[in-house]
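Written out below as structure tokens is the structure these notes cover.
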Amino acid sequence: MPDDDIDGYTTVSKELLSNKDTREFIEKFGITKPSLRDEIYNKILPRYNTNEGFDTTPHFMKFFRYFKECTNQDVGDFIQLLVDKSFLKCSTAAADTVYRCRARDIYLPTDELKAWFEPKSDRMFLKLDEYRKAVGEKDWTRLDEFLVQLGVAKLPRILNSRTDLGWHDLKRSGWTTEGHTHAFNDRAH
């Protein structure tokens, strides 16, 4: 069935549906509007696996709406599908240029984090005000939960030295094995 909020599907002609008897007949066959889940899984997410350029703005609200509808059992799988998708708006603290990034590459725009990263002016901060405006104040708590589950950071991230930097990179940066090896390698990350 056609839906103004969902596109990209083959649908029954609206003219046919204007007749009540025809509409009832079509509905008896189980033809319905596509579900939000179907649209996200079959239409939206596959687009992120292409090099095609497109506007991701409408996707956020659909992702958020589905997150709110998702059962606890399904929410983890859904989040895992989104973590590598660059659909969140962000910018640096020093510039107004808007970028699209993955959640794990973005920080919440708190005053503390902006001050912490002042020397690193390339750090990306979520355009949180835009998202709060879009979802409305009553959903701010759910929005925060969604963003944190996606990986938007509330605190500075600590790199894991074993995977992010090789020991030879650390030695070039001035790290020595004298007195630091044991404490450094055993530090929890």
- Show the residue pairs that are 6+ apart or on different chains and have beta-carbon atoms under 7 Å apart, the first residue being within the stretch 70-92 and over 14 Å from residue 41 (Cα atoms) and surrounded by 13 or more Cβ atoms within 10 Å (Cβ to Cβ), the second being among the acidic types (Asp, Glu) and at pLDDT 90 or above. 89/130
- Of the residues in the stretch 77-97, how many are farther than 14 Å from residue 153 by Cβ and either among the hydroxyl-bearing types (Ser, Thr, Tyr) or at pLDDT 90 or above (or both)? 14
- Query: Of the numbered conditions (1) at pLDDT 90 or above; (2) farther than 25 Å from residue 54 by Cα; (3) exposed (fewer than 12 other Cβ atoms within 10 Å of the Cβ), residue 133 satisfies every one except a single condition; which is it?
  - Reply: (2)
- Message: Condition (residue is closer than 17 Å to residue 66 by Cβ and not charged (D, E, K, R)) applied to the stretch 98-111: is it met by at least one residue?
- Response: yes
- If we ask which residues in the stretch 110-156 are in a loop (DSSP other than H, G, I, E, B) and among the acidic types (Asp, Glu), their number turns out to be 2
- Scan the stretch 36-60 residue by residue and report those that are closer than 17 Å to residue 83 by Cα and in a loop (DSSP other than H, G, I, E, B). 48, 49, 50, 56
- Message: From the list 27, 39, exactly one residue is surrounded by fewer than 16 Cβ atoms within 10 Å (Cβ to Cβ) and either modelled with pLDDT under 90 or within 23 Å of residue 98 (Cα to Cα) (or both). Which is it?
- Response: 27
- Looking at the stretch 43-59, is at least one residue in contact (Cβ under 8 Å) with a residue 40 or more places away in the chain and either more than 19 Å from residue 103 (Cβ to Cβ) or surrounded by 13 or more Cβ atoms within 10 Å (Cβ to Cβ) (or both)? yes
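The values are calculated or read from the model by the stated rules, or taken from the named source; none is laboratory data. If you're wondering where the values come from, they're calculated on a predicted model, not measured in any experiment. Neighbour counts are summed over all protein chains in view; Cβ atoms, including those assigned to glycine, are modelled from backbone coordinates with ideal geometry.
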